[in-house]
1. Kindly list the number of the only condition in (1) in contact with an Asp or Glu (Cβ under 7 Å, 6 or more places away or on another chain); (2) within 30 Å of Ile185 (Cβ to Cβ); (3) free of Cβ contacts under 8 Å to residues at least 40 places away in the same chain that fails for Pro345.
2. Can you find even one residue in region 54-73 that is open to solvent by 40 Å² or more (accessible area, probe 1.4 Å), free of Cβ contacts under 8 Å to residues at least 40 places away in the same chain, on the phi < 0 side of the Ramachandran plot and β-branched (Val, Ile, Thr)?
3. For Val331, which of the numbered conditions (1) closer than 25 Å to Tyr218 by Cβ; (2) part of a loop (DSSP other than H, G, I, E, B) fails to hold?
4. What number of residues within region 409-449 satisfy the criterion of being assigned to a loop (DSSP other than H, G, I, E, B) and either acidic (Asp, Glu) or under 23 Å from Asp363 (Cα atoms) (or both)?
5. From the list Glu91, Glu75, Glu68, Glu62, pick out the single residue that is of a type outside the set (Lys, Arg), assigned to a loop (DSSP other than H, G, I, E, B) and either at pLDDT below 95 or under 29 Å from Leu166 (Cβ atoms) (or both).
6. Of the residues in region 128-160, how many are in a loop (DSSP other than H, G, I, E, B) and buried (at least 22 other Cβ atoms within 10 Å of the Cβ)?
7. Name the pairs whose Cβ atoms lie under 9 Å apart, with the first residue in region 224-240 and modelled with pLDDT under 95, the second surrounded by 14 or more Cβ atoms within 10 Å (Cβ to Cβ) and part of a loop (DSSP other than H, G, I, E, B), and 6 or more positions between them or separate chains?
8. I need the full set of residues from region 242-265 which are of a type in the set (Gly, Ala, Ser) and either modelled with pLDDT under 95 or open to solvent by 50 Å² or more (accessible area, probe 1.4 Å) (or both), in order please.
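The values are calculated or read from the model by the stated rules, or taken from the named source; none is laboratory data. Note that the structure is a prediction, hence the values are computed from the model and not measured. Reconstructed Cβ throughout: ideal geometry from the backbone, glycine too, with neighbour counts over all protein chains shown. The accessibility values were calculated without ligands, DNA or RNA, using every heavy atom of the protein model including side chains. Shrake-Rupley method; radii C 1.70, N 1.55, O 1.52, S 1.80 Å.
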Amino acid sequence: MPDYDYDLFVIGAGSGGVRASRMAAFYGAKVAVAEERFLGGTCVNIGCVPKKLFVYASHFVEDFENSEGFGWSREQAKFSWPTLIENKNKEISRLNDVYGNLLDSSGVKLFDGRATILDAHTISINGTSVTAKKILIAVGGKPFVPDFPGSEYTSVSDDVFYLEQLPKRAVVVGGGYIAVEFAGIFNALGVETRLVYRGDKILRHFDDEVADFATEQYAGKGLDILHNTTVDKIEKMADSFLCHLSNGETLACDYVLYATGRRALTENLGLENTNVKIRYDGTLVVNDQFQTDESSIFALGDVTGGPELTPVALAEAMVFTANQFNAQEKVMDYENIATAVFSQPNIAVVGLTEKEAKERYSDILVYTSSFRHLKYTLTNNQEKTFMKLLVDKASDKVIGAHMVGADAGEIIQGIAIAIKAGATKEIFDATIGIHPTAAEEFVTMREPV
């Protein structure tokens, strides 16, 4: 048997990489991990964590306005973008230290630098070569901007977290959750914001009714959405930019944010020295055990082209390490993964869309409800909440739950447990609601539409 330096070498110390490193070490493996940028990966540093902090910050504007209906005065309220950035940086630094301590306390060796693969069992970091019985690639992805005239003037989501000043006018390009979230943040903070999308419907991977309802709510909050439109050219002006659109119009702005997709960070990783198969977008082909065509090399998380969600990477890491280092035979379950869009208002879903449900089941029942949240009844806020349940008529199982409204993510998390457990509509109906809450509507929808 060859004598390797490590049982497992992990490339990438994001959520999936750190979890895999720690769990493999827990099972008794000798583990090392290499990270060239920052511990915690995209989510902790330039993704879901700081973005959620920005969402909280932006929502105070509306909260202050709503408070007047409840007898509060909002005099002297003042927002400081530099203060938000400074406090965000402190929190992210704290989280970086937490991840470092977790690796250290688990006995995982951390290499600070870019790792490249020399062959199926050899890795190079900062000019030093080490060997490993197994290599795990968990490098994640990065934002992608297409090449067009003036594309060099664009920014991506990574950059927003380090903006020194908040722009007065912003153009956000894209129709997915990242574009929608940042457009909502800018708009709520008083930035004149336009969302430009090439298709006729934003959030196209969500339930059609949900996407349409959410779009109406965004527009009601003053977000200007341009559908069926692309940015053909960006022109640099003296102190601003001019976006030339496909419809012949132009948009003057101070900031152009592109959120049009992501690509795997697999360039210059040394994969040409292996049998690993790479797709056109840089993602890696793996089997249900996260194994590539090079038997000693594995991959998980965003880099495999699956659901780009931190909890998914964590769950994959648990399955991978249990099988490889604890003699188990687990298979990752991708059914009924709940997810949320931290837009304004929030969107959260679990299970199938109506279109998917009709493709999979011969007969479904659809339940919907739309209402104005109790907390807005004393205010001028016209935001509405929307809820939707999809039920397989034959089995009575709830196969999809969707919500647009305040705290949607918090509410759907509990609903996801019920759906994962196979709850029927009868069980939903028999559940006593908590009154008065928005969440109780999920157990009081009696008549299908």
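1. The single condition Pro345 does not satisfy is (3).
2. No, region 54-73 contains no residue that is open to solvent by 40 Å² or more (accessible area, probe 1.4 Å), free of Cβ contacts under 8 Å to residues at least 40 places away in the same chain, on the phi < 0 side of the Ramachandran plot and β-branched (Val, Ile, Thr).
3. The failed condition is (1).
4. Adding up the residues that qualify gives 9.
5. Exactly one of Glu91, Glu75, Glu68, Glu62 is of a type outside the set (Lys, Arg), assigned to a loop (DSSP other than H, G, I, E, B) and either at pLDDT below 95 or under 29 Å from Leu166 (Cβ atoms) (or both), namely Glu75.
6. 4
7. Once the first residue is modelled with pLDDT under 95 and sits in region 224-240, its partners that are surrounded by 14 or more Cβ atoms within 10 Å (Cβ to Cβ) and part of a loop (DSSP other than H, G, I, E, B) give Asp239/Asp254.
8. If the condition is that a residue be of a type in the set (Gly, Ala, Ser) and either modelled with pLDDT under 95 or open to solvent by 50 Å² or more (accessible area, probe 1.4 Å) (or both), then Ser246, Gly248, Gly261 are the ones that fit.
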